[in-house]
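Before any comments, here is the structure.
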């Protein structure tokens, strides 16, 4: 029987996005920065590191390359559906950083484009239709009994 230790999606995810530069590249891609040189300048990252991280994101299916110029051929990087699904994780990291490491700077406020209302991020139980706090969360694989998460 496989244990949660042997199959950890957090570990698998971190193998794709688990370093500072990759997270910052994803942040910029979500903000609409798509071209290599724009990313390099915005992040202050070395070309070889940016190239390596973008290649890894491409290989993992997180981004695709889309041509924006034909002569010479130049590509921009666009998030795939898999990449877009990282949005809640990046938002959670941002909220955590705003709470614990803001250093007095005002936090970035994410708003709903339609009505300009500030967004919140919650974990909701679809069965009970209630907000769930971290101490109310359990973890299990699809083939195992519930393992309670304790403090």
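Values in this text are rule-based calculations from the coordinates and carry no lab data. Keep in mind it's a predicted model, so treat the numbers as computed, not measured. Here the Cβ is made from the backbone with ideal geometry for all residues, glycine too, and neighbour counts use every protein chain on show.
Mind jotting down a quarter of the surface of the convex hull over the alpha carbons of the range 1-85, in square nanometres, one decimal? Show your work: numbers first, answer last.
Details: hull surface 25.8 nm².
Its average projected convex-hull area is 6.4 nm².
Does anyone have the angle between helix 87-101 and the longest principal axis of the chain? Alpha-carbon axes, 0 to 90°, nearest 10?
Roughly 80 degrees between the two axes.
For the range 8-55, take every pair of Cα atoms, bin their distances at 10 Å starting from 0, and report each bin as a whole percent.
Calculated P(r), rounded to whole percents: 26, 54, 18, 2.
Roughly what angle does helix 47-59 make with the longest principal axis of the chain, taking Cα atoms, 0 to 90 degrees, to the nearest 10?
Long axis of 47-59 versus the principal axis of the chain: about 50 degrees.
Return the Cα extents of the chain along principal axes one, two and three, sorted largest first, each rounded to a whole Å.
58, 43, 31
Bin all alpha-carbon pair distances of the range 63-131 at 10 Å intervals from 0 and give each bin's fraction as a whole percent.
All Cα pairs considered, the percentages come to 15, 28, 33, 17, 6, 1.
Can you give the calculated 222 nm mean residue ellipticity of the chain, where each DSSP H run of n ≥ 4 adds -39,500 (n - 2.57) and the sum is split over every residue, rounded to the nearest 500 deg cm²/dmol? Present the calculation step by step, with values, prior to reporting the outcome.
Details: 6 runs with 60 residues, N = 151.
Here the helix-only value at 222 nm equals -11500 deg cm²/dmol.
So how do 141, 15 line up by other beta-carbon neighbours within 10 Å, fewest first?
Details: 141 15, 15 10.
Arranged by neighbour count, lowest to highest, 141, 15 become 15, 141.
Relative to the longest principal axis of the C-alpha atoms of the chain, give the angle of the C-alpha long axis of helix 20-30, reported between 0 and 90° and rounded to the nearest 10°.
So the inclination is approximately 80 degrees.
Quick one: which of 90-99, 108-117, 17-26 comes out on top by average Cβ neighbours within 10 Å, and what's the full order, highest first? Can you show the working numbers first?
On the way: 90-99: 13.2, 108-117: 8.9, 17-26: 16.9.
Answer by packing, highest mean first, reads 17-26, 90-99, 108-117.
Would you look at the GNM of the chain, springs on alpha carbons closer than 10 Å, and say which of 63, 130, 33 moves the most?
Looking only at 63, 130, 33, the biggest GNM fluctuation is shown by 130.
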